[in-house]
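J.: Below: one structure in structure tokens.
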Amino acid sequence: MATALDEHEREPATSSLDDYLKSPIATLLESVEDESLERVSRCDMIQAYSLLSARIKNLSSALKNDDERTKAVQYLTENASKIFECLTRDIQRTFNPFNLTAERSEGSPSSPDETLLQDKLSGVRENSALAQHALVLVAEISAVPECSSLLNDDSATDILSSIVSLIITPCIPTPGEKKIRSLAIWALSCLRFSAATFEEHGIELLKSLASLVSDTEENELIVGDAFKVLHNLLVQHPIQCLPKSLDFLAPVLRCLIAPAVFLRKRAAYVLIGYAHALLAHKEAVSESVLPVRDILSTRIGEFVESQASLHRKATIPHAADQEAPTQTLIGLIHAEIPQDGKSRPGPNVGWAFAVLHALVVLSDGQVFMRPDFVRFVAKAVHPCFTNEWAPLHSLHAGVWRALVWAYTRIAHLDDSEDARRNRPTPMHERSLRDAVFETVKQLPDHNVGSSLVYTLMGPKPAPTASEADADPASLQAAEDDVSRAMTVLRELICSEQRNQRVEGIILLTICTTTYEDTDQPKSIFPQWDPQNVLSETMWNLDVVDDDQECVKRLTQRMTDFPSGAVRPFSDGELVKYWSCLVDIWDEAVREGLQVDSRKTLRPMGRLMRSWQGLIRAQAKSSASQYHKKVAERIGKVIVAYLDWKPCCARIRGSFGGCITTTRLQAIHQLVRSAKDVLSPEFMELVAPVVLDAITDVDIKLENMELKALWIDVCSFLCAHGGASCFLQQGDLKVKRKKWTHLAELWLAEEHPKPQGSVLPFIAVPFSWVMTQVESTCCVDLFECIVKGMKKNDPRRNKTLERLCGYIQDPSPIFTSQVLLILINYFTLNENDIFPTKFVARVNDYLCKYPPLHNDLYHGQEIVRIISGILLKCSNKSSMHIVPLLKQINAGVCKWLVDDYRRTDKQQFQDIFIPFYCNAVSALRSIPFEVEDLRFFDDLLAAPFARREDERAYHALGTYWAKIEDEWRQRTGGANPPPGVEKWVSKYHYAYKTKRPFFLDDSSASSQSDASMATVPDSQPPIEDEPADNQGQEGNDNATPTPESRPEIASPKTPVPTRSSRDNRHGPLTTSPLLNKAQPSRPQQIAREPSILGKRQATDPGKAYYLLHEFTYAHTICVEPTNPRQRKRTATSKKAAKAA
């Protein structure tokens, strides 16, 4: 029988990968068709099995590449069903070993003799060897990953059934029965049982294995393989197998302290299988499982206590003639786990920790009710905390997390009658949980703290509606656990070890980010299950079997715990525990400041998210009437960092600026984070609290960087409502002083210039009567903001509007100086908004007519600037013309009428007439609306109330000529507004323009006579200055020729009393003004009395009225400026008096 392989057979060439397994498989395939064994003998099949097993076993070492291994087993995969048929056939040969089919020679005798008997005995031995090699091949196939999947197929069911039959059959009629049974158990330990196979043979198999392991004289290898089979059954079919496998518990516990290391490790397999099966019963939902859990926990507890008692006896010195104490589990574990910080662990350290972990899990919470048990576990793993071998720390954490899981089982003690009778009272249970909590929280390292917080926080709380139906004791227990969780958080954050602080900050961030606020889907919060805290590595059998290097590799990531599994606080819980959580968060922030106190503070991302969750919950839960109180509470938390001091005693003197910088940086981060989650209205309540505290503190701004930081913080607070702190109740003098100091710092040359965020700050002094310094600061700050803007920058009007929006109403009006500066930044831009609030402020100022002496110049300059804006208005920005004129209509009309004669004639012609012409020209450039003409009636008639000017006449006449037909069409021929009607008529009579439609022939004839009494027959031509025609470009057709322009000079006479309508629309009879550079002529004055005389002769009753009308009409004429002209004026006065 060839069972060994040559070297060239073990390591195939790359070119023959396809034939690596082909030769032995071909022999087995041929044997399927050769039932008579004529071509393939048993020896050939044995050799094929041996060769195939060896090549499969050496597959990983012979072929390094995964692709090569896959290609090599391809032939095996293709013929798996036939090979399994061979294996089943040859395994079943053991049940009928005398069913022989052997080759016989022709001369062999037909009667039984010694030769035939020898042949039969040889065939029986060959059948036994054939079955043994078949079992070895099954085991080798199941051990190789590339081939093991084949045995999970349904086609392997017959093989599994045949192997189980070998184990459960009491007597196998074949030589080497014990070896075959041992090989069958070994092969079975590598196979995966299907549900059907376990249902058919499971009970009998467990009984057979139990009888094997109960025999103390049984071979250790067989017992060890039986333990492995039991482990597989417990893992693969935990629900069905656990209740039927309790008979194994006593042999398993006995083998835990066996002298043979192999047997101790296989006993650990079964403990791991028991623990796995126990955890598969999530909450003991069936009555059949409750006794099982109780039996397991009780027997495990009793076993550990007995071992503890034996260990105490073993430590007592004994006489030489006394029997040496039996080795105990505690002694074996202490031998593997080093008991000091520098000793190396034993070779089976993985076994020791795996046993401890399984025993704690199997105790099912009762571990804490057995002091010897807790003491045993704690003393065994405690020295690992300081040992230099890193894997010990991970193994230590794995066992401790099992204690954390056991803590959750205190409230789930079994419901058996004895347990109910001995169950502690609620108060006792609460004290027990407190004592257990004090024990399990002693090791917060290696994510044990995270797992403890996870178990304490529990599942997501039920809706409020169901709390009334909940058990009060359960609610109290849940609240106590949440309080304990916060205790763990505090200890993690206050730890001296950096990794624990980081873990605590991560947990705090997760806990304070509520379900409602997270952007991620709620599916990331898995269903709460305390079993998640158990380390999966502790279930790995390699930890039990392998050496220290393998254990080191397996434990590299075994302490990882998904922190995201910890449930966050609900909004109600955040509000309920807000003070405690803020204290914990404050500890974390101050610790971060302590670390970074000598350098620039790094962004505290996680802590800022935690801060946002805390303040968001407060803001959402508080009613509107309590917002101010909550805002003050949040603000006090922020400003508390103005008093922060590092704990390091060496930070003195020169580090003072660094400390101040750290304080301001921390406050800056906090207020910015608060702004991201609070509503603008809520932020406007928080920011004043912070800004008021910052400006109250006497901060020594020692360097430019510190000053810039202070300015940045103040700017941000001012931009979000902080400036209102200067308007709140308190000493106004102090607040104005603080405002001025801050403004002067902003305006300092070495600081960055203020941005738009300080507009609320600029608006503060408008709530009181500003001093010169305050007014200057306001103007300078605003100029700094718009300094970099272009002339037509679309942000200019928006900036003006924002400033006016921040000014509280009612408030003192803009000072003339401030308004005069600000209006220079006002534009009509199609890409910008129309600043309604700002223009309203301008109109309010113009309505303060008559102006004081200091405001006269400023008012005129404002009108001049608006005139220039109208002149330069483009067609694209014409949409803003009507809103502008409508808003300033009331104020401008008062300055145009000038009832109090505050404007002299030169100023009137230089400022107000150009404004009027530009305004009318702007109206002419936009689409006509009937309502606009009616609204602007006062404005269009205003300049004629005091003085007439030819440019105003032409502007009005040109505008009417453009809109007359449209007006007539839209209104059905209705007369225009009274002011427009009156002065358009005068323009028509004076300049002989086209007759307006609203004048009929009879009225035109009488009005023509009246105009002849005041308008000379002919006038010399007048050359207009270029500036006078700025508003009339493009209207040459509507402008009269120079020959038709009348020119009248009249002395200044007293102004008679007029009615209110005359005051609004001017004198009854008037004529256009002379150009200011054109001198008056004596012959014109000489002809005027004759005209009056002619009217008097025709109608004597009107002589005085005409003279009165004539003198009144010329009171608004230009006063002669040179002596010669004044002499001519005196002559005209005498002539008028004589007439």
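Every number here is computed from the coordinates shown, using simple stated rules; none is lab data. This structure is a prediction, so every number in the text was calculated from the model and none was measured. Cβ: placed from backbone, ideal geometry, glycine included. Neighbour counts: every protein chain shown.
J.: Would you please put 259-266, 484-491 in order of how densely packed they are, using the mean number of other Cβ atoms within 10 angstrom per residue and starting with the highest? Write out the running numbers ahead of the final one.
T.: On the way: 259-266: 17.4, 484-491: 20.6.
Ranked by mean Cβ neighbours within 10 Å, highest first: 484-491, 259-266.
J.: Quick check on region 816-912: what are the equivalent-ellipsoid semi-axes from the Cα gyration tensor, as sqrt(5λ), descending, whole Å?
T.: Output for region 816-912: semi-axes of 23, 14, 12 Å.
J.: Could I ask something else about it? Any idea how far apart Lys576 and Thr740 come out in nm if each label point goes 7 Å out from Cα toward Cβ?
T.: 5.5
J.: Using a basic spin-label model with each label point 7 Å from the Cα along Cα→Cβ, how many nm lie between Glu536 and Arg602?
T.: For Glu536 paired with Arg602, the spin-label model returns 3.1 nm.
J.: Please give the peptides 370-377, 659-666 ranked by average Cβ packing (other Cβ atoms within 10 Å per residue), highest first, as a rough proxy for protection. Please report the intermediate quantities before stating the final value.
T.: Numbers: 370-377: 18.2, 659-666: 21.4.
Highest mean packing first, the order is 659-666, 370-377.
J.: Also, I was wondering about something else. Mind giving me the FRET efficiency for Glu218 and Ile168? R0 is 25 Å, r the Cβ-Cβ distance, nearest 0.05 is fine.
T.: 0.95
J.: Something else: Any chance you could run the full-extension gain for Arg968 through Glu705? It's 0.36 nm times the residue separation minus the Cα-Cα distance, nm to one decimal. Working shown, then result.
T.: On the way: separation 263, 0.36 × 263 = 94.68 nm, distance 7.02 nm.
Result for the pair: 87.7 nm of gain on full extension.
J.: Okay, next question. Determine ³J(HN,Hα), in whole Hz, for all residues of region 565-581 in sequence, where each value follows from phi through the Karplus function 6.51 cos²θ - 1.76 cosθ + 1.60 and θ = phi - 60°; x replaces Gly and Pro.
T.: 6, 5, 6, x, 5, 6, 4, x, 5, 4, 5, 5, 9, 4, 4, 5, 5
J.: With r defined as the distance between the Cβ atoms of Asp731 and Asp899 and R0 fixed at 41 Å, what FRET efficiency is calculated, to the nearest 0.05? Provide the component values of the computation, followed by the final result.
T.: On the way: r = 44 Å, r/R0 = 1.08.
Here the calculated transfer efficiency is 0.40.
J.: Measuring from a point 7 Å past the Cα of Cys43 along Cα-to-C-beta, which residues in region 123-154 have an amide N at less than 13 Å?
T.: Only 123, 126 pass the distance filter.
J.: Please work out the Cα convex hull volume for region 341-392 and give it in Å³ per residue.
T.: Numbers: hull volume 4.0 nm³, N = 52.
Expressed per residue, the convex hull around the Cα atoms of region 341-392 is 77 Å³.
J.: Something else now. Tell me, what ³J(HN,Hα) does each residue in region 586-594 have, in order and in whole Hz, if you take phi through Karplus 6.51 cos²θ - 1.76 cosθ + 1.60 with θ = phi - 60° and put x for Gly and Pro?
T.: Result, rounded to whole Hz: 5, 4, 5, 5, 5, 5, x, 5, 4.
J.: Also, I was wondering about something else. Would you please give the residues with an amide H less than 5 Å from that of Phe997, counting only those at least 5 places away or on a separate chain, with H modeled from the backbone geometry?
T.: Those qualifying (amide H under 5 Å, at least 5 residues apart or on another chain) number zero.
J.: Work out, step by step, the length gained on full extension between Gln907 and Glu438: first 0.36 nm times the residue separation, then minus their alpha carbon distance; give nm to one decimal. Don't skip to the end; give the middle numbers.
T.: Working: separation 469, 0.36 × 469 = 168.84 nm, distance 9.14 nm.
The Gln907-Glu438 span can extend by a further 159.7 nm.
J.: If you don't mind, another one. Where a ≥ b ≥ c are the square roots of the eigenvalues of the C-alpha gyration tensor, would you call region 151-297 rounded, which needs a/c under 1.5, or, failing that, prolate if a/b is larger than b/c, or oblate? Could you put the intermediate results ahead of the total?
T.: Working: a/c = 1.96, a/b = 1.22, b/c = 1.61.
Since a/c reaches 1.5 but b/c is at least a/b, the shape of region 151-297 is classed as oblate.
J.: Each residue of region 196-204 in turn: what ³J(HN,Hα) in whole Hz from Karplus with 6.51, -1.76, 1.60 and θ = phi - 60°, glycine and Pro shown as x?
T.: Each residue's phi maps through the Karplus curve to give 5, 5, 5, 5, 7, 10, x, 5, 5 Hz.
J.: Now, a different point. Let's test the formula: R0 of 41 Å, r as the Cβ-Cβ distance of Ser925 and Ser679. What FRET efficiency results, to the nearest 0.05? Each step should come with its number before you reach the end.
T.: Working: r = 45 Å, r/R0 = 1.09.
Result of the calculation: an efficiency of 0.35.
J.: State, to one decimal in nm, how far the label point of Glu33 lies from the label point of Asp67, with both points 7 Å from Cα in the Cβ direction.
T.: A separation of 3.5 nm, rounded to one decimal place.
J.: What length, rounded to one decimal in nm, is gained on full extension from Ala890 through to Asp1000, with 0.36 nm per residue of separation minus their alpha-carbon distance? Display every interim value, and only then the final one.
T.: Values: separation 110, 0.36 × 110 = 39.60 nm, distance 3.34 nm.
Computed gain between Ala890 and Asp1000 is 36.3 nm.
J.: So for each of 628-640, 129-141 I average, over its residues, the number of other beta carbons within 10 Å; can you give me the resulting order with the highest mean first?
T.: Values: 628-640: 18.3, 129-141: 24.9.
The most tightly packed comes first, giving 129-141, 628-640.
J.: May I ask which of Lys733/Lys837; Lys460/Lys576; Lys798/Lys848; Lys628/Lys675; Lys636/Lys675 have a Cα-Cα span longer than 20 Å here? Show your work: numbers first, answer last.
T.: On the way: Lys733/Lys837 29 Å; Lys460/Lys576 16 Å; Lys798/Lys848 26 Å; Lys628/Lys675 16 Å; Lys636/Lys675 16 Å.
Among Lys733/Lys837; Lys460/Lys576; Lys798/Lys848; Lys628/Lys675; Lys636/Lys675, the Cα-Cα distance tops 20 Å for Lys733/Lys837; Lys798/Lys848.
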